[in-house]
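A.B. asks: Below you'll find the structure I mean.
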Amino acid sequence: MNGDNEEGIDLQSFAVRLRRMTAEFNRIAHEFAHEHGLHTTDVQALIKIFDAPSPITPSRLREELNLTSGAITACLDRLERAGHIRRVRDVHDRRVVHLHYLGAAKELAAAFFRPLARGTDSAVRRFSPEELRTVAAFLDAMNEELDALRAAPRSP
């Protein structure tokens, strides 16, 4: 039995599917990190930098990744030395630094992740626009729940 019920997919079966997908994404990220001499945290940082709607600051990245100041500095030093990012001082406030994902590094990542992009495109083509809106709404809701969990104080 796959955990599905007559009304749809039960919570346990859904959780298994989400964990499997997350594990596969993590496996691919680990392969990218290993192939390019990076730590998995470095790949997480690159993803945050790439996905940010505007250039992100090191302190914001540190908060997003829940790292110490020393750990984020070491991560950014590795990424800069490897040619993935550049630190740029704000023109109006020189104390502020913005992180920029470099074009050549984006091309390198795009080439590596191209098979994943093709697979994603293949999966997307199996669904109607309405179904995809539902999937997107679910993913948005899950991300909201995960954000709330991150912000909630942990009880012992």
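A.B. asks: Has region 61-81 got at least one residue that is in a loop (DSSP other than H, G, I, E, B), of a type in the set (Ser, Thr, Tyr), surrounded by 12 or more Cβ atoms within 10 Å (Cβ to Cβ) and modelled with pLDDT of 95 or more?
C.D. replies: No, because not a single residue in region 61-81 is in a loop (DSSP other than H, G, I, E, B), of a type in the set (Ser, Thr, Tyr), surrounded by 12 or more Cβ atoms within 10 Å (Cβ to Cβ) and modelled with pLDDT of 95 or more.
A.B. asks: Can you say whether LEU38 is modelled with pLDDT of 95 or more and either exposed (fewer than 12 other Cβ atoms within 10 Å of the Cβ) or of a type in the set (A, V, I, L, M) (or both), as far as the supplied structure shows?
C.D. replies: no
A.B. asks: Whether any residue in region 6-22 is outside any helix (DSSP H, G or I) and of a type outside the set (D, E, K, R) is what I want to check.
C.D. replies: So far as region 6-22 goes, yes, one or more of its residues are outside any helix (DSSP H, G or I) and of a type outside the set (D, E, K, R).
The rows are residues; the columns are (1) touching a strand residue (DSSP E or B) at 6+ places or on another chain (Cβ under 8 Å); (2) modelled with pLDDT under 95.
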position	(1), (2)
ALA105	yes, yes
LEU108	no, yes
PRO115	no, no
ASP121	no, no
ARG133	no, no
ALA137	no, no
SER155	no, yes
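A.B. asks: Only residues that are basic (Lys, Arg) and not in a loop (DSSP other than H, G, I, E, B): list them for region 127-156, please.
C.D. replies: Those that are basic (Lys, Arg) and not in a loop (DSSP other than H, G, I, E, B): ARG133, ARG150.
A.B. asks: Answer yes if at least one residue in region 32-45 is under 27 Å from ALA151 (Cα atoms) and of a type in the set (Phe, Trp, Tyr), and no otherwise.
C.D. replies: Taking every residue of region 32-45 in turn, none turns out to be under 27 Å from ALA151 (Cα atoms) and of a type in the set (Phe, Trp, Tyr).
A.B. asks: Among all residue pairs at least 6 apart or on different chains, which show Cβ distances below 9 Å where the first residue, located in region 122-136, is aromatic (Phe, Trp, Tyr) and the second is surrounded by 10 or more Cβ atoms within 10 Å (Cβ to Cβ) and assigned to a helix (DSSP H, G or I)?
C.D. replies: That search, which allows pairs on different chains as well, returns PHE127/THR134; PHE127/VAL135.
A.B. asks: If HIS100 satisfies every condition in (1) touching a residue at least 24 places away in the same chain (Cβ under 8 Å); (2) in a loop (DSSP other than H, G, I, E, B) but one, which is the exception?
C.D. replies: (2)
A.B. asks: What is the number of the single condition among (1) free of Cβ contacts under 8 Å to residues at least 60 places away in the same chain; (2) within 18 Å of LEU116 (Cα to Cα) that PRO53 does not meet?
C.D. replies: (2)
A.B. asks: Identify, from the list ALA33, ALA52, ALA104, ALA109, the residue that is surrounded by fewer than 19 Cβ atoms within 10 Å (Cβ to Cβ) and over 18 Å from the mean Cα position of the chain (by Cα).
C.D. replies: Among ALA33, ALA52, ALA104, ALA109, only ALA104 is surrounded by fewer than 19 Cβ atoms within 10 Å (Cβ to Cβ) and over 18 Å from the mean Cα position of the chain (by Cα).
The values are calculated or read from the model by the stated rules, or taken from the named source; none is laboratory data. Predicted model only: the values in this text are computed from it and were never measured. No Cβ is skipped: glycine too gets one built from the backbone with ideal geometry, and neighbour counts run over all protein chains shown.
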